[in-house]
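None of the figures in this text is laboratory data; all of them are computed from the coordinates on show. As the structure is a computational prediction, the values presented were derived from the model and not from experiment. As a convention, Cβ positions derive from the backbone with ideal geometry for all residues, glycine included, and neighbour counts pool all protein chains shown.
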Amino acid sequence: MTSKDITQISVIAAILTILAVLKIPSIIPGLDFQLSAPAALLILAFFGIKKYFLGGLLSSLLLLVFGVFNPINVI
């Protein structure tokens, strides 16, 4: 894994982390629409499944550490 790959994965994780915090509220609690969903498809198309998956794992770990998400949100 090169330094370019590590940099791209960390930028992907940062983008997903920021967009996961932004949610469109719903009438029913717990069914909020995360704005990271459309961005995730673009990231997947441009960078591939490996970088998207690693960036998503890193983003989920960051959100758990920050206390924004709980384990149920990650699953």
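Spacing of the modelled spin labels on PHE53 and VAL11, each 7 Å from Cα toward Cβ, amounts to 2.2 nm. Given the options ILE24, ILE15, ILE49, which has the most mean-square fluctuation in a GNM of the chain, springs set between C-alpha atoms less than 10 angstrom apart? Maximum among the listed residues: ILE24.
Here the Gaussian network model covers the chain, with springs between Cα atoms less than 10 Å apart; of VAL11, VAL65, VAL21, VAL65 fluctuates the most. Note on the chain: with a GNM built from Cα contacts shorter than 10 Å, the maximum mean-square fluctuation among LEU54, LEU63, LEU42 falls on LEU42.
The H on the amide N of PHE69, modeled in the peptide plane, is under 5 Å from the matching H of LEU64, each at least 5 residues off or on a different chain.
For the chain, averaging the sequence separation of C-alpha pairs within contact (under 8 Å, six or more residues apart) and dividing by the residue count gives a relative contact order of 34 percent.
Net charge around MET1, counting only other residues with Cβ within less than 11 Å of its Cβ (Lys, Arg = +1; Asp, Glu = -1)? Don't jump to the answer; show the numbers that get you there.
On the way: positive: LYS4, LYS50, LYS51; negative: ASP5.
Computed value for this residue: +2.
For the chain, the extents of the C-alpha atoms along the principal axes are 44, 25, 17 Å, listed from largest to smallest.
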